[in-house]
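What follows is a single structure, written as structure tokens, with notes after it.
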Amino acid sequence: MKIFDFFNGKIRGRRGNMIYYTWNGETHVKRYAIPGKKRKWEVEGHTPKQQEIITRFKAVQLFYKEYMKQVSPTVWRTAAKAQGKIAPNLFNSTNFRCFDGTGEITDFEGFVFTVGKLALPRDLQIKQEGNRFLVTWEEEREWKTAAATDKMQVGVLYDNLTRSPRLAPEVNGCRGDLQGEFTLDESIGCTAHVYIFFAGENQLDFSGSWYTHVE
């Protein structure tokens, strides 16, 4: 057994027939399976509620794998490291509630596309101009968390492909410009859930995301 926070009583590992672990910053304990003895769910099967939880958990895991490939392998790792957590676990605990029992996202506005220490600009607004979308904002700060060189980024969940997160194909604009533009990949779809966020020049610092739906 490993004690990784002695003063706060946090432990991790197996002792006897009990397994200690940390989830969402809290220490939990569960009984270790006895070899040769089937668990209750193996005999009676999962209840509908348990099956929904399993389905949701798998959906969030698959979503995060797609996010790592299509969007960024860095965003959630950076945030998790700052909190002393594991990236997939942080993503899961943050967004699990946004998925339903069938594995579909039902709360797009509450979904957290990005997290980080950078600040979002004030009064973000968006309007469509032809096949392009113009994003404007206000920003008078020049801090470490709000540098003029921070680049606007756009995360997208197309209405017909909500389980496949990706970045908008054409994006331009920095915080100091007070505006930016992006397009959608019309070969995929013309309506989408959009998440505006900003990335530092080092591509290691990120802001939270601002949500809207475009058509």
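The values are calculated or read from the model by the stated rules, or taken from the named source; none is laboratory data. Small disclaimer: the values here were computed from a predicted structure and weren't measured. All Cβ positions, even for glycine, are placed from backbone atoms using ideal geometry, and neighbour counts span all protein chains on display. Surface areas here come from the heavy atoms of the whole protein model, side chains and all, with no ligands, DNA or RNA. Shrake-Rupley method; radii C 1.70, N 1.55, O 1.52, S 1.80 Å.
So how much slack lies between residue 185 and residue 141, counting 0.36 nm per residue of separation and subtracting their Cα-Cα distance, in nm?
12.6 nm
Kindly report the accessible area of segment 136-203 per residue (heavy atoms of protein chains, probe 1.4 Å, no ligands, DNA or RNA), in Å².
Normalised by residue count, the accessible surface of segment 136-203 is 47 Å².
So if we plug the beta-carbon distance of residue 53 and residue 122 into 1/(1 + (r/R0)^6) with R0 = 45 Å, what FRET efficiency do we get, rounded to 0.05?
E(calc), rounded to 0.05, equals 0.70.
Between residue 170 and residue 104, what is the FRET efficiency for a Förster distance of 35 Å, r being their Cβ-Cβ separation, to the nearest 0.05?
0.80
Please state the shape class of segment 128-177: rounded when a/c is under 1.5, otherwise prolate if a/b exceeds b/c and oblate if not, all from the C-alpha gyration tensor.
prolate
Measuring with a 1.4 Å probe in the full set of protein chains, what accessible area per residue, in whole Å², belongs to segment 63-126?
49
What are the ³J(HN,Hα) couplings of segment 124-133, residue after residue, when phi is run through the Karplus curve with 6.51, -1.76, 1.60 and θ = phi - 60°? Round to Hz, x for glycine and proline.
Listing the rounded values in order: 5, 9, 9, 8, 8, 10, x, 9, 10, 10 Hz.
Ranked highest first by the average count of other Cβ atoms within 10 Å around their residues, in what order do 171-177, 196-202, 129-135 fall?
196-202, 171-177, 129-135
Can you give the accessible area of residue 93, probe radius 1.4 Å, in Å² rounded to 10?
So the heavy atoms of residue 93 present about 40 Å² to solvent.
What are the residues whose amide H is under 5 Å from the amide H of residue 198, where those residues sit 5 or more places off or on another chain and H is modelled from the backbone?
Under 5 Å from the amide H of residue 198 lie the amide H atoms of 153, 207, each far enough along the sequence or on another chain.
Checking the table 81/144; 117/144; 49/81; 69/144 against a 21 Å threshold on Cα-Cα, which pairs fail?
49/81; 69/144
Nearest 0.05, what FRET efficiency do residue 19 and residue 112 give at R0 = 30 Å with Cβ-Cβ as r?
After rounding to 0.05, the efficiency reads 0.55.
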